[in-house]
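*Asks:* So that we are looking at the same thing, I have put the structure below in structure tokens.
The values are calculated or read from the model by the stated rules, or taken from the named source; none is laboratory data. Remember, predicted model here, so these are calculated numbers, not experimental data. Cβ placement follows ideal geometry from the backbone for every residue including glycine, while neighbour counts extend to all protein chains displayed.
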Amino acid sequence: MIHTLTSESQCRDAWQALSPRQRAWDEWDLMFAFHDEERFQFHFLTHERGGQIDGLIPLVENLVEKRFELFGGSYPDGRVLWLRPDDFPRFYEQLPENTVFFDLSGPWVDGLLNTVSEYTENFTEQDDRFFLIPAKFDHDFVNHINTFSTDKRKGFLYDLRKIREKGPVLHWSDEDASDLFIRLSNLRFGAESDYADESNQAELRRVIRELKAHNNLRTLVIEMDGQPHAVSMTAHYGKSMVALYSASNMEYKNLGKLLNVETIQEACRLRVDEISYMTGMTWKAAWKMDNEPCRTFRKPARPPALPASPENSNP
């Protein structure tokens, strides 16, 4: 039987009952930091068997976008649903129209569809999540760089050497550098920056405060010419790191490259099992990061793209 939960306390209790607490995205407090209480309303769906909750879709209604999605919004990726695959049809019946789950774990979706293949058309959109396994390169990113082609390796190391010759000063801490990140992001992207929007700024600040409060925040600030011009803020959770936010001043060529390399090297020093660089952006593939698919679910399923008409086709 499927039940709908709409109060924060009910939803938190259901989440805590089923969360495996293996990844950062399994933590209620962190996901609640992504939750804007003015924009989202709880609509959790639970499955009960023998009077006990044994399945959950943490659904919320997005009042701005007029759709239903997963608690925590669209930023976290590689997510899974805590339910039995053969219970999915019961959940599906209760999902409202205009429901979307972004960036579910591709391997998890494949396992689900092995049981309920009739929902394949609901999972057609795909992206890639990028990550590194430090043990593969003996916890030193230079060993990974050395696997690049000769020309690429030489160019990569040359770029790092030239920016280091300019005397960058690195500061590692657990400090909240949200203001610096927002300033650098808006400097680079202007009105197109995600963080020109006050609601996204507020979300960022909530997330960083939550990570700091639980000793899960690793912050790198790089100074150039005596001023901060690059920052990364990373979630360190258990044996994993998630590169959440990074920005640099593009006037300093290759400063962003140095920022990412030093963040990866910190993950190596901390001996994590994985550092996630999340989805999107072609530079991650160019750096030969590992990847796995993420799949987006939609109800109703998106219709397949129509082939181009002859009059609009290229000759």
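*Asks:* Scan region 91-115 residue by residue and report those that are in contact with a helix residue (DSSP H, G or I) (Cβ under 7 Å, 6 or more places away or on another chain), within 26 Å of residue 279 (Cα to Cα) and of a type in the set (Val, Ile, Thr).
*Replies:* If the condition is that a residue be in contact with a helix residue (DSSP H, G or I) (Cβ under 7 Å, 6 or more places away or on another chain), within 26 Å of residue 279 (Cα to Cα) and of a type in the set (Val, Ile, Thr), then 109 is the only one that fits.
*Asks:* Mind checking whether some residue in region 86-105 is in the same structural domain as residue 43 (by TED's automatic domain parsing) and on the phi > 0 side of the Ramachandran plot?
*Replies:* yes
*Asks:* Here is a follow-up. Residues to consider are 286, 213; find the one that is out of contact with any helix residue (DSSP H, G or I) (no Cβ under 6 Å at 6 or more places or on another chain) and closer than 24 Å to residue 25 by Cα.
*Replies:* On inspection, the qualifying residue turns out to be 213.
*Asks:* Six or more apart or on different chains, Cβ atoms under 7 Å: show the pairs whose first residue is in region 50-76 and closer than 11 Å to residue 35 by Cβ and touching a residue at least 40 places away in the same chain (Cβ under 8 Å) and whose second is aliphatic (A, V, I, L, M) and not in a loop (DSSP other than H, G, I, E, B).
*Replies:* 58/70; 71/31; 71/60; 72/31
*Asks:* Something else: Which one of these is at pLDDT 95 or above, surrounded by fewer than 20 Cβ atoms within 10 Å (Cβ to Cβ) and not in a loop (DSSP other than H, G, I, E, B): 161, 188? Walk me through how you get there before you give the answer.
*Replies:* Values: 188 fails: at pLDDT 95 or above.
Only one candidate passes the filter, namely 161.
*Asks:* Is it the case, given these coordinates, that residue 155 is in a loop (DSSP other than H, G, I, E, B) and over 25 Å from residue 78 (Cβ atoms)?
*Replies:* no
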